[in-house]
Amino acid sequence: MTDTTATESGTLTGTGLHKAFGRNKILRGVDIHVAAGTTTSVIGPSGSGKSTLLRVLNRLHEPDAGDILLDGRSVLSDDPDELRQRIGMVFQQFNLFPHRTVVDNVALGPRKLKGLSKEEARELALDHLDQVGLRAKADSRPGNLSGGQQQRVAIARALAMKPEIMFFDEATSALDPELVKGVLALMADLASAGMSMIVVTHEMGFSRSVADTVVFMDGGVVVETGEPEALFENPQTERLQAFLSEVL
Ligand code: ADP
Ligand code: MG
């Protein structure tokens, strides 16, 4: 793996985060802390607010209350576009541009948003495709790649922006089962290379073996948080016990 991750920055803290859509209170006072270079996995039932939490943390949705600190400084008065360049986001749907080559998909952000020349952006993109094992596919169209390969391109695209922290929102949920492993392995590589990450996932094996911290959400609050072993082996609340008995 090339040295493209940072360990000294990437501490993210959300405190007292609230978010409602109309009268529907989705986040009801969420605290989360991701230390630089660590991976936090967010688990919980569908509808518990996991995706909303990620979207509030990168200000795709503005929080109604609470604060967000990146590297110890509140980002709420910053330009949201600037914040989003510091946070890499990978979704269930890869959202690659179908008519552009793989390398162009990765190079586009650095070119448009970081002011790199065409050649510089291509070099950078090829480095990141190398990192995800897909340099040989640089000149293919996304449609000619498997879902797992497309998701790895989406990860390369996020990494090419040199984010301080990466968010993954059910990044493997849309993949055929045989393709899940490769994407999870890449995410585990990133974690061990010291990338700060928040990983929303139903993959309990990944949470257990890769995450430094697991956050269990239900009904818009953090019900339990802790190290994976303690949380999975010794859940303290009935709600987590019930959730685990359904998913494990
Ligand atoms: P999870 O990711 O844990 O499944 P979400 O954060 O996606 O949960 O959604 C939690 C709740 O918030 C759901 O009931 C959903 O319908 C609602 N919600 C999410 N986004 C919006 C939105 N933009 N407008 C209105 N309601 C929303
Ligand atoms: Mg979700």
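Counting beta carbons within 10 Å around each of Thr225, Thr40 and listing the fewest first gives the order Thr225, Thr40. When the C-alpha to C-alpha distance is required to be over 28 Å, the pairs from Lys137/Lys181; Lys50/Lys181; Lys137/Lys162; Lys118/Lys181; Lys112/Lys137; Lys112/Lys181 that qualify are Lys118/Lys181; Lys112/Lys181.
With neighbours defined as other Cβ atoms within 10 Å of a residue's Cβ, the residues Leu159, Leu53 order from fewest to most as Leu159, Leu53.
Each of Ala156, Phe167, Ala136 was placed along the dipole of region 117-186 (beta-carbon charges, centred on the mean Cα), and the one lying farthest toward the positive end is Ala136. Computed from the alpha carbon positions, the gyration tensor of the chain leads to an equivalent ellipsoid with semi-axes of 30, 21, 16 Å, biggest first.
Under a Gaussian network description of the chain, with springs only between Cα atoms under 10 Å, the residue in Glu123, Glu238, Glu229 that fluctuates furthest is Glu238. Pairwise inverse Cα distances across region 105-248, averaged and inverted, put the Kirkwood hydrodynamic radius at 16.8 Å. For region 201-213, the Karplus equation 6.51 cos²θ - 1.76 cosθ + 1.60, evaluated at θ = phi - 60°, returns couplings of 7, 9, 7, 5, x, 5, 4, 5, 9, 10, 5, 7, 9 Hz by residue, with Gly and Pro reported as x. Spatial offset of region 89-156 relative to region 179-248 amounts to 28 Å, using the alpha carbon center of each.
Every read-out reported here was derived from the displayed coordinates using simple, explicitly stated rules and does not represent laboratory data. Only a predicted model underlies this, so the values are computations on that prediction, with no experimental measurement involved. FYI the Cβ positions are ideal-geometry reconstructions off the backbone, even for glycines, and counts take in every protein chain you see.
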